[in-house]
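A short reminder: the numbers here are calculations on the coordinates, not readings from a lab. For clarity, every value in this text was computed on a predicted model and none was experimentally measured. No Cβ is skipped: glycine too gets one built from the backbone with ideal geometry, and neighbour counts run over all protein chains shown.
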Amino acid sequence: VTVKASQKQSATVILLHGMAGSGADWAPLAEALHLPWAKFIFPTAGQVAVAAGTDVRSWLAVSRASVKVHSNALNAVPSVMARMHSKINDDLPSVEASINLVLELVKKEIASGVPAERIILAGFSHGAAIALEAALRSEEKLGGVVALSPWFLAGIPRESPKWREQGDIPALFCHGLRDKIVQPAFIKYIAEGEDMALAGVAADVQLFAGLAHAVSAQELTAVRNFLLKSIPGGAATDPNAQLPPIRKAGVPKMSMAKLWGDGSSVSQQRERLLDETQTGLAEQRLALEEEAVANNLQVFAETWKDPAEDLWKSLG
């Protein structure tokens with residue numbers, strides 16, 4: 001699924017879904033994040049056999065051993081979990097194929113004129129693992145990585161990238177403190193550890209109270225702030241920029257309906273501001289934009305559900 005930029009494109013975000021998911025599950029997030037200068041690409045993985053013997057859409061054929069380490073089934077401390085993790089090899093052929101698919105998408109975007117430093121790779125769970133590895137394999141330094149509830153891959157050969165001398169690649173790691181699929185203490189230990197530093201990753205780890213293996217509005221706000229910093233655009237100060245529509249819970253995920261009549265300040269003032277030509281309205285427009293974005297991220301978080309929720313139980 002591809003969501004084109006609503007203004008002139010100057011950046012691209014490629015986001016990979018988690019196990020058993022699809023690109024369509026995440027496509028509504030493009031509008032909710034409201035980055036009109038960015039094109040969003042949501043690829044869908046092929047079918048692979050996972051440890052439970054079930055064929056599902058996944059970027060890798062995960063092993064039971066990897067599931068047990070990530071969930072800390074042995075109740076080990078993070079350093080011990082990391083040592084066990086280093087001895088695990090998830091199915092390398094599927095991993096390599098997924099990384100190559102992402103890198104081909106990156107090359108196409110660069111060939112179309114998007115600078116490498118304005119391309120962000122992102123993902124949820126297994127998708128985050130592939131996004132991170134693809135960014136580290138890229139021949140050109142990309143703008144950053146966003147990893148939501150990330151899985152980590154061990155035993156993956158990494159070549160020293162040509163861009164390493166240019167400095168580390170910024171990476172935002174977001175994780176829920178109630179995540180039982182991937183233990184947050186393990187993620188923090190790995191993301192801030194020596195291996196990531198040596199690989200050229202400047203990690204910003206943010207942990208969210210009350211969040212399980214899922215997404216939250218607070219987390220998605222952190223993602224938007226990271227994107228605004230990494231691939232900034234001019235929507236907030238452009239008097240011709242379209243204010244985002246207000247979404248409502250219960251609307252089908254892929255609906256593009258513009259639902260405004262909810263009595264909010266955005267609904268009441270949108271038309272006036274869109275037609276207003278006088279100066280001095282930048283602060284008002286920004287406040288309205290922030291209200292709409294906050295609402296839409298909340299709606300996305302409330303309506304999104306991990307398609308692999310039941311499958312995780314069979315793998316545990």
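A few remarks follow.
- Estimated distance in nm for a label pair at Leu177 and Lys4, the labels positioned 7 Å out from Cα along Cα-to-Cβ: 4.5 nm
- Exceeding the 29 Å Cα-Cα cut-off - candidates Lys68/Lys162; Lys8/Lys188; Lys39/Lys87; Lys141/Lys305; Lys107/Lys229; Lys107/Lys180: Lys68/Lys162; Lys8/Lys188; Lys39/Lys87; Lys141/Lys305; Lys107/Lys180
- Trypsin sites (Lys or Arg not before Pro) within the range 77-136: DSSP coil, no more than 11 neighbouring Cβ in 10 Å: Lys87
- Once the Cα gyration tensor of the range 85-237 is diagonalised, semi-axes √(5λ) in Å: 23, 21, 14
- Lys162 paired with Val77, simple spin-label distance in nm, labels 7 Å along Cα-to-beta-carbon: 4.4 nm
- Among the chymotrypsin sites (Phe, Trp or Tyr not before Pro) in the range 1-48, none is located in a DSSP loop while being surrounded by at most 11 other Cβ atoms within 10 Å of its own Cβ.
- Taking other residues whose beta carbon is less than 10 angstrom from the beta carbon of Thr44, and scoring Lys, Arg as +1 and Asp, Glu as -1, yields 0.
- Each peptide in 293-299, 5-11 receives the mean, over its residues, of other Cβ atoms within 10 Å, and ordering these scores from highest gives 293-299, 5-11.
- With only Cα atoms counted, the range 9-69 has Rg and Dmax values of 14.7, 43 Å.
- Hull volume per residue, based on the alpha-carbon atoms of the range 1-111 and their convex hull, is 132 Å³.
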